[in-house]
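Asks: Got a structure here, written out as structure tokens. Questions coming.
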Amino acid sequence: MEPFVPKFRGRPWESGMGALHVYVLPRPGVDAELLRLVQACRPILAGYPIDPQYGSGPSDAGLLHLTGEMLADVPSADYDEAAREEIVAALHAELADMPPFMTQVGPPIGNASGAVLDVWPEEDVGAVIERVRGAIRATRGEDALQHSGGRPHISLGYSHARASSDPLNGELRNAVLPRRATLAVDRVHLLDVTWAFDDGLGGWRMAWDPVAEIPLRGRLPE
């Protein structure tokens, strides 16, 4: 793995800048199985230069997220209230007829920028992402769709130094069972996501402020 560097419109992120994102967020209680899987990875990931996104225990999801899309036309500071309300309305319209569903995530895998849980099957999540992209395209234009997150996944943490992923993957494979968990998808969140370089860590750290919660058609029980 290599040190992770966030990018905005193909260039390294300006420390402290924000950009609007649409995420699916795991929830304590609803996604307890997933959070237990994440916590099983904790002692292994602690031995590597990976800044964790997970919280301190199964009742705390921390910064775990499944990325839907970044709104990458301009930084979030350039979105006035009317522009934010417009994208929220478009997301509501696009997702209003999509039913909630359960999918699976895992196994945990070390990769070039840290560690992730892949989503499988990915068809339903992919359909939500396409609806999200449609809402962004309709309100902000094609220029706002600058980034591809690749296969849907949940990041367990981002790397802040070089290290081999081979021993990490061996440890995860041998020690973490079960290797998959369920994820409930019945809403997405519009968030103002900030990346800032942390000199003490020697790497980048994420934070976010909530903007809006957009339900799919109906919701799974809390």
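No lab work stands behind these numbers, since they all come straight from the coordinates. For clarity, every value in this text was computed on a predicted model and none was experimentally measured. Note that each Cβ is placed from the backbone with ideal geometry, even for glycine, and that neighbours are counted across all protein chains shown.
Asks: At 0.36 nm per residue, minus the direct Cα-Cα distance, what do Asp143 and Met102 gain on full extension? Give it in nm, one decimal, please.
Replies: So the extension gain works out to 11.6 nm.
Asks: A follow-up question, please. Considering the options Val128, Ser155, Ala82, tell which one lies farthest towards the positive end of the dipole of the chain, charges being +1 on Lys and Arg and -1 on Asp and Glu at the Cβ, about the Cα centre.
Replies: Ser155
Asks: Just subtract the alpha-carbon distance of Gln39 and His92 from 0.36 nm times their residue separation and send over the number in nm, one decimal.
Replies: Net length gain for the segment: 15.8 nm.
Asks: Same structure, new question: Compute the length gained on full extension between Ala112 and Leu201: take 0.36 nm times their separation in residues and subtract their Cα-Cα distance, giving the result in nm to one decimal.
Replies: Full-extension gain reported as 30.2 nm.
Asks: How large is the helix-only mean residue ellipticity at 222 nm for the chain, computed as the sum of -39500 (n - 2.57) over DSSP H runs with n ≥ 4, divided by its residue count, in deg cm²/dmol to the nearest 500?
Replies: -8500 deg cm²/dmol
Asks: With r as the distance between the Cβ atoms of Ala127 and Arg179 and R0 = 30 Å, compute the FRET efficiency 1/(1 + (r/R0)^6) and round to 0.05.
Replies: 0.75
Asks: Between the alpha-carbon centers of the range 74-95 and the range 1-63, tell me the distance in whole angstrom.
Replies: 24 Å
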